[in-house]
Amino acid sequence: MQTCDILLVDDHKIMRDGIKAILKSCEEFKVIGEAEDGADAVMQCKKLKPHIALIDISLPKLNGIEATGEIVRHCPETRVVILSMYDDENSVVSAIRSGARAFVLKRASDNDLLDALRTVAKGGSYLSPQVSDKLLNRIKRGEMDDRRMPQALEGLSPRELQVLRLVAEGKTSKEIAVLLDLGLQTVRSYRKTMMKKLGVSNVAGLTQLALAAGLTRFAAAVAASDTPVAQ
């Protein structure tokens, strides 16, 4: 089993020690470094090249969102998981737009944190259930600020939105084909078309847009609604 190297970033040692205690029981994860501020986190990522950087959103020097942007720019092989005490819409959307692959609340359970790390390690994305539920309720009530949503998504078909959601959850083209009962080439065609429509060149770009639009974990309710999707 391949080990996933993790960089812990939090300005409170007691928090870093607590996370290390959680990860110690899991052979799949290995903490290879620690940082106390955002600037040091960027330096450590350049030096250590961890698979995942687990970053507190509130940090000195560079905050977690600023640090995420720098890490994604300089260390594209490192995936960022944001830890936060706050579940407000601004924090979640800003973190995802900066390039974070997951947003986990500090009050989440140990299992939720491990689920997030495992999902991101496999190439997927993750939002704490409390966060995704809150965003879904806001969308249902019509309270989500549409100006924060990528307008390009309005041009996607319901089927394309389904495929986009599954891509963001880390599903391969073959897995998506099985889940949606489509041909493999059809799924690949959908991905290619979406990239062209959205102006992105890779899966990471699709994932960021999907998360920013609140598609993951509850996209079936939002994208497909109660209407059957035509192929």
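The values are calculated or read from the model by the stated rules, or taken from the named source; none is laboratory data. All values derive from a computational prediction rather than experimental measurement. Note: ideal-geometry Cβ built from the backbone for every residue, glycine included; neighbour counts use all protein chains shown.
Here segment 176-202 is the region considered, the condition is being under 19 Å from the mean Cα position of the chain (by Cα), part of a helix (DSSP H, G or I) and without any contact (Cβ under 8 Å) to a residue 40 or more places away in the chain, and the residue that is nearest to Ser98 (Cα to Cα) is Met195.
Scanning for something over 20 Å from Val104 (Cβ atoms), modelled with pLDDT of 95 or more, in the same structural domain as Ser98 (by TED's automatic domain parsing) and not in a helix (DSSP H, G or I), does segment 45-64 turn up at least one residue? Yes - at least one qualifying residue is present in segment 45-64.
Of all residues in segment 20-32, how many are modelled with pLDDT of 95 or more and surrounded by 18 or more Cβ atoms within 10 Å (Cβ to Cβ)? Total satisfying the criteria: 1. Residue check: Arg97 meets all listed conditions (1) over 24 Å from Arg165 (Cβ atoms); (2) basic (Lys, Arg); (3) in a helix (DSSP H, G or I) but one, namely (1).
Looking across Glu28, Glu34, one residue alone is under 22 Å from Phe103 (Cβ atoms) and touching a residue at least 40 places away in the same chain (Cβ under 8 Å). It is Glu28. Only one of the numbered conditions (1) under 23 Å from Asp110 (Cβ atoms); (2) at pLDDT below 95 is not met by Val72, and that is (1). Criterion applied to Asn90, Asn111 was being without any contact (Cβ under 8 Å) to a residue 40 or more places away in the chain, polar (S, T, N, Q), farther than 20 Å from Leu209 by Cβ and part of a helix (DSSP H, G or I), and the one residue passing it is Asn111. Looking only at segment 114-135, residues that are assigned to a helix (DSSP H, G or I), of a type in the set (Gly, Ala, Ser) and touching a Lys or Arg at 6+ places or on another chain (Cβ under 8 Å) come to 2 in all. Considered as a group, the residues in segment 1-19 that are of a type in the set (A, V, I, L, M) and free of Cβ contacts under 8 Å to residues at least 40 places away in the same chain include one that is surrounded by the most Cβ atoms within 10 Å (Cβ to Cβ), and that residue is Ile14.
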